[in-house]
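Novice: Below: one structure in structure tokens.
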Amino acid sequence: MPARTTNFRATVQQRRWTYEAFCIQWKRACEELAERDKDPRLATVPMSRRTFDRWMKGDLTERGPRPDTARVLEYLFGMPMGQIFAQSHEGPPDHPAGQLPVGEPERAEAIRRRLEGTLTSGHISEAGLTSWEETVAWHGRATRFRPEGDLLRDLRHDVDALSRALDQRQSLGAMHRLTRFSAQMAGLMSLVLVRQGDDHNANAWLRVARIAADEAGDNDVRAWIFAEYAYALFYSGDLTGAARAARRAQVISAQTTVGAALAAPLEARAHAVMGDRQEAEAALGRAEDALAHLHGDDIAESAFGYSEAQLRFHEGNALTHLGQTDRAREAQQRALHLYPADEHLDRALIELDTAMCLLLDGEPAAAADRTAETLQKLPEQHRSGIILTRACQLEGQLATIPGLPQPARELRDVLAPLQPNTAPTPERKAP
């Protein structure tokens, strides 16, 4: 009998949980629930491979899971039993492409306030801490391929659970690690909101991230948070503030960190938009040096890593703003060669930089064609605020050219149904 796609199966597949990874999450849920309900029996509810495989197939006994097993399942998935094994109805989102579901920002904001209060105001096992570490790492990797709406929903769920763990006031060592995790998770929330163009809420989450990073006393995380802060300022148009925050990220730690590697090319891009070629080139040099010092997980495809693909993308963007189109194209081609096919956001932004180079080289029709093609081939759920803002700005520059070419008029038709509720203002700088 073919497997039914239940909510259980859909969630496990979305999170890319193997049986072993699911067992780690299961054990964490058992221990947290046992502590919450003061019921030690729940800490040892078993999970066999056979049971997991049956659930993945949607094959349940007539009685369903045993009562204690059901309690853990409901706690882990955050939904009642009847919904966990109900048919999944994943399909086209019920909200416009590139926008969050109705009510999602408000739910995330309520959780952010709770986490901020917890940080400024338990007992968890080593296995539970390891599980949280893996959860944070998974979310970091997911930023490279998952749509922003899905990312925000799953981050919201896990930040809520992390906030409950912090509420319990653990041992000193556990609190240090949980606080570090909360800094990283809040930073990821900000990253997703920046991509959506939600500057206000992105900065609010960065405030939480900085509080947590300072409390944890972890300079590597602080450097990463300041790099994310620099990105938020850059995309909101505060180029001077972005350059300053990026410089701070580079000097927080005595040794080279991912945060420094992220921040140096961002500083280069900010200086490039402001037309300061000397400072931009100097920052690109620091970026090359920082990347050369990173190894292992620090260069992984993750929000917590920085790779050559990202550096070439950011180098190409800076050189595009400087008008160095030949050098920019070399960096862009290298970046596209290095990025995996499912890295939709950065690949689309690189294509838009290529379109800008065509415009700068006096080929407006080709620039319009490239922009329209980029938008049309991008999966609908990945048409984020950043990409639409960039495309709209490029279309705006095309519109100033006398005798608007036909491809530019066609681009306007492509963009019209994709426009966010709030159109980008002319003063807002392009990323």
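Novice: Taking the highest mean first, how do the peptides 284-290, 12-18 order by number of other beta carbon atoms within 10 angstrom per residue? Spell out each step's value before the answer.
Specialist: On the way: 284-290: 18.6, 12-18: 14.4.
Peptide ranking by packing, descending: 284-290, 12-18.
Novice: Now for a separate question. How far is it, in nm, from the label point at E363 to the one at E330 when both lie 7 Å from their Cα along the line to the Cβ?
Specialist: Distance between the two pseudo-spin positions: 1.8 nm.
Novice: Next question. In the calculated pair distance distribution of region 7-82, what percentage of Cα-Cα distances lie above 22 Å?
Specialist: On the way: 477 of 2850 pairs.
Percent of Cα pairs beyond 22 Å in region 7-82: 17.
Novice: What do you get for Rg/Rh over region 138-252 if you use C-alpha atoms and the Kirkwood form of Rh? Present the calculation step by step, with values, prior to reporting the outcome.
Specialist: Working: Rg = 14.0 Å, Rh = 14.3 Å.
On the Cα set of region 138-252, Rg over Rh gives 0.98.
Novice: Please list 3J(HN,Hα) in residue order for region 212-223, calculated via the Karplus relation 6.51 cos²θ - 1.76 cosθ + 1.60 where θ = phi - 60°; whole Hz, with x for glycine and proline.
Specialist: Result, rounded to whole Hz: 5, 5, 5, 5, 6, x, 9, 5, 5, 5, 4, 5.
Novice: Going by Cα centres, region 140-182 and region 366-415 are how many Å apart?
Specialist: Each part reduced to its Cα centre gives a spacing of 37 Å.
Novice: Among E215, E343, rank each residue by its count of other Cβ atoms within 10 Å, from fewest to most, as a rough exposure measure. Can you show the working numbers first?
Specialist: Values: E215 16, E343 20.
In order of increasing Cβ crowding within 10 Å: E215, E343.
Novice: What nm distance separates the two modelled labels at T51 and A70, each placed 7 Å from Cα along Cα→Cβ?
Specialist: 1.4 nm
Novice: Any idea how far the Cα center of region 1-61 sits from the one of region 348-362, in Å?
Specialist: Cα centroid of region 1-61 versus Cα centroid of region 348-362: 47 Å apart.
Novice: Mind ordering 388-400, 267-279, 183-195 by average Cβ neighbours within 10 Å, highest first?
Specialist: Going from most to least packed, we get 183-195, 267-279, 388-400.
Novice: Assigning unit charges at the beta carbon (Lys, Arg +1; Asp, Glu -1) and nothing else, what dipole magnitude in debye, to the nearest 20, does region 269-376 show about its Cα centre?
Specialist: Here the size comes out at about 200 debye.
Novice: In nanometres, what is the gap between the two model label sites at D214 and Q168, each 7 Å from Cα along Cα-to-Cβ?
Specialist: Placing both labels 7 Å beyond Cα along the Cβ direction yields 2.8 nm.
Novice: Could you list which residues have their amide H under 5 Å from that of T6, counting only those 5 or more apart in sequence or on another chain, with H placed in the peptide plane?
Specialist: S88
Novice: So what's the chain giving for Rg/Rh, alpha carbon basis, Kirkwood Rh from the mean inverse pair distance?
Specialist: Using Cα coordinates only, the ratio equals 1.00.
Novice: Would you mind calculating the gained length between K38 and E20 on full extension (0.36 nm times residue separation, minus the Cα-Cα distance), in nm to one decimal?
Specialist: Length gained, K38 through E20: 3.8 nm.
Novice: Considering the dipole of region 7-82 built from charges on the beta carbon (Lys and Arg +1, Asp and Glu -1) around the Cα centre, which of P67, P40, G82 is farthest to its positive end?
Specialist: The Cα lying farthest towards the positive end belongs to G82.
Novice: Return a whole-number percent for the relative contact order of region 7-82, with Cα pairs under 8 Å and 6 or more residues apart as the contact set.
Specialist: Relative CO of region 7-82 lands at 32 percent.
Novice: Using the 10 angstrom Cβ neighbour count as an exposure proxy, how do T5, T354 rank, fewest first?
Specialist: Fewest to most other Cβ atoms nearby, the residues stand as T5, T354.
We did not get these values from a lab; they are worked out from the coordinates using the rules stated. Quick caveat: nothing in here was measured; it's all calculated off a predicted structure. Using ideal geometry, Cβ is built from the backbone for each residue, glycine included, and neighbour counts are taken over all protein chains shown.
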